[in-house]
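A.B. asks: I am attaching a structure below and will ask some questions about it afterwards.
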Amino acid sequence: MRERIGILTGGGDCPGLNAVIRAVVKSASKRGWETIGFLGGYEGLLEPLRYRSLDYKEMDALLFVGGTVLGTSNKGRFAAKTGHGELGQIPEEIFQQAKAGFQQLGLRALVCVGGDGSLTIAQQLFEHGIPIVGVPKTIDNDLEATLSTFGFDSAVACATDALDRLRTTAQSHERVMILEVMGRYAGWIAAHAGISGGGDVILIPEIPFRYEAISERILEREREGKHFTLVVVAEGAREQGKDFTTTGAAEKNREAHLGGIGALVGAELQKRTGKEVRVCVLGHLQRGGAPTSFDRLLCTRFGAHAVQLIAEEKYGYMTALLPPDTVPVRILDAIGRLRTVPPDGNIVQTARALGITFGD
Ligand code: F6P
């Protein structure tokens, strides 16, 4: 029988998942290996097993198609993170079932494509004896041990494009325009898009804000003759001394759903400045569509490297970007601690140098 490897995509989807699948399938097939794709994320590993064989000939268009042909999930029986990123307890029986499924298919190794939550599951599967190789995915860019996750650049491009569009309408109506972006507990998307899109105020979880500081910046712009302001708010941003803003009731076996801070900030700024304010929540637009060329390349490098790691039997590792190379790093070193925007780092300094305020 041909050597077989498995692949699954876990957690929230993002542009580039299909490009990784394509790269894995193509480079595995060059080695004469078959690739089995599990459906619906980690759930596909459980009884009844849900999978399909992936033929390299089907992979051509996948380089630029958003989403994942394998499906994914960020909740369910494999939820490793719950609430505000707390570690959830996955029952032992679930690991045993997954291991039995893996063995039943005669797989040599499993490629787990995911962010912090999904790679936390991957690490636990590895500790239960499944040969795992990880690929770091998430628009949030909050994983340690890699300079960038794939999907992040595409999300930043989407948010930057939104800011370009909001700028003209803000200018025409002399309004304060708020853009709420994703990113969970890290402000990477807000900070990068805020700078690339010429924002005036950037609010990120790493720097809790004060309304006085934001209002002052808006009024200062008024005095300068600039009658509009662009405010980028990360969904995890919060006022000093306040908690995160969430939407909907807390659900068992999943992380809290952040969101709503843009509306709160908008209402408060309208009251304080007397300016007309509009709020735009970018939401899942950031997770859809074609990956940028940067992400296509990164996904292709990650996918090919993951297969190479399997060939070298470097299990428990994930591929990571350490320019100019992709390098193996222990999954254990990438999870457990979120990589957040350093409040004194170069990105924040660059923004401050241009007069962008973080509201602190
Ligand atoms: O982790 C990716 C992410 O898009 C976060 O930025 C966001 O908080 C969350 O997933 C949204 O999840 P869902 O798809 O369940 O709404």
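The values are calculated or read from the model by the stated rules, or taken from the named source; none is laboratory data. Bear in mind the structure is a predicted one, so any value in this text is a computation, not a measurement. For neighbour counting, all protein chains shown are included, and Cβ atoms are generated from backbone atoms with ideal geometry for every residue, glycine included. We work out accessible area using only protein heavy atoms, side chains counted, and drop any ligands, DNA or RNA first. Shrake-Rupley method; radii C 1.70, N 1.55, O 1.52, S 1.80 Å.
A.B. asks: Collect the residues in the range 91-106 that are open to solvent by 20 Å² or more (accessible area, probe 1.4 Å) and assigned to a loop (DSSP other than H, G, I, E, B), keeping them in residue-number order.
C.D. replies: Let us first name the residues in the range 91-106 that are open to solvent by 20 Å² or more (accessible area, probe 1.4 Å), namely 91-93, 96-97, 99-100, 103-104, 106.
Within the range 91-106, Pro91, Gly106 meet the criteria.
A.B. asks: From Gly303, Gly289, Gly336, Gly359, grab the single residue that is touching a residue at least 60 places away in the same chain (Cβ under 8 Å), out of contact with any His (no Cβ under 9 Å at 6 or more places or on another chain) and not in a loop (DSSP other than H, G, I, E, B).
C.D. replies: Working: Gly289 fails: not in a loop (DSSP other than H, G, I, E, B); Gly336 fails: not in a loop (DSSP other than H, G, I, E, B); Gly359 fails: not in a loop (DSSP other than H, G, I, E, B).
Result: Gly303 is the single residue among Gly303, Gly289, Gly336, Gly359 that is touching a residue at least 60 places away in the same chain (Cβ under 8 Å), out of contact with any His (no Cβ under 9 Å at 6 or more places or on another chain) and not in a loop (DSSP other than H, G, I, E, B).
A.B. asks: Only one of (1) among the small types (Gly, Ala, Ser); (2) out of contact with any Ser or Thr (no Cβ under 6 Å at 6 or more places or on another chain); (3) within 16 Å of the ligand (Cβ to nearest atom) is not met by Gly32, so which one is it?
C.D. replies: For Gly32, the failing item is (3).
A.B. asks: Then there is this: Please enumerate the residues belonging to the range 152-172 that are more than 18 Å from Gly66 (Cα to Cα) and among the polar types (S, T, N, Q). Spell out the reasoning first.
C.D. replies: If we filter the range 152-172 for residues that are more than 18 Å from Gly66 (Cα to Cα), which is where we start, we get 160, 162-172.
Residues satisfying the conditions are Thr160, Thr168, Thr169, Gln171, Ser172.
A.B. asks: Which one is surrounded by the most Cβ atoms within 10 Å (Cβ to Cβ), of the residues in the range 47-90 that are basic (Lys, Arg) and in contact with a helix residue (DSSP H, G or I) (Cβ under 8 Å, 6 or more places away or on another chain)?
C.D. replies: First pass over the range 47-90, keeping only residues basic (Lys, Arg): 50, 52, 57, 75, 77, 81.
Subsequent filtering for residues that are in contact with a helix residue (DSSP H, G or I) (Cβ under 8 Å, 6 or more places away or on another chain) retains 50, 77, 81.
Details: Arg50: 17, Arg77: 15, Lys81: 22.
Within the range 47-90, the match that is surrounded by the most Cβ atoms within 10 Å (Cβ to Cβ) is Lys81.
A.B. asks: Applying the selection to the range 270-298, what residues are under 22 Å from Gly85 (Cα atoms) and open to solvent by less than 30 Å² (accessible area, probe 1.4 Å)? Spell out the reasoning first.
C.D. replies: Let us first name the residues in the range 270-298 that are under 22 Å from Gly85 (Cα atoms), namely 283-284, 286-287.
Gly283, Gln286, listed by residue number.
A.B. asks: Using the structure shown, decide if Thr9 is touching a Gly at 6+ places or on another chain (Cβ under 7 Å) and buried (at least 24 other Cβ atoms within 10 Å of the Cβ).
C.D. replies: Yes.
A.B. asks: Scan the range 201-230 and report the pairs whose first residue is of a type in the set (S, T, N, Q) and whose second residue is modelled with pLDDT of 95 or more and in a loop (DSSP other than H, G, I, E, B), with Cβ atoms within less than 6 Å and a gap of 6+ or a chain change.
C.D. replies: Thr229/Asp200
A.B. asks: Output the strands (runs of 3 or more DSSP E) that fall wholly within the range 170-263 and possess 1 or more residues being within 16 Å of the ligand (Cβ to nearest atom) and in contact with a Phe, Trp or Tyr (Cβ under 6 Å, 6 or more places away or on another chain), or say none. Spell out how you get there, then give the answer.
C.D. replies: Details: elements: 176-181, 201-203, 229-234.
The strands (runs of 3 or more DSSP E) meeting that bar are 201-203.
A.B. asks: Identify the residue in the range 241-269 that is among the small types (Gly, Ala, Ser) and under 11 Å from His84 (Cβ atoms) and, among all such residues, is surrounded by the most Cβ atoms within 10 Å (Cβ to Cβ). It would help to see each step written out before you state the result.
C.D. replies: Looking only at the range 241-269, we keep the residues that are among the small types (Gly, Ala, Ser), and these are 241, 248-250, 256, 259-260, 262-263, 266-267.
Adding the requirement that they be under 11 Å from His84 (Cβ atoms) leaves 250, 256.
Numbers: Ala250: 12, Ala256: 20.
So the residue we want is Ala256.
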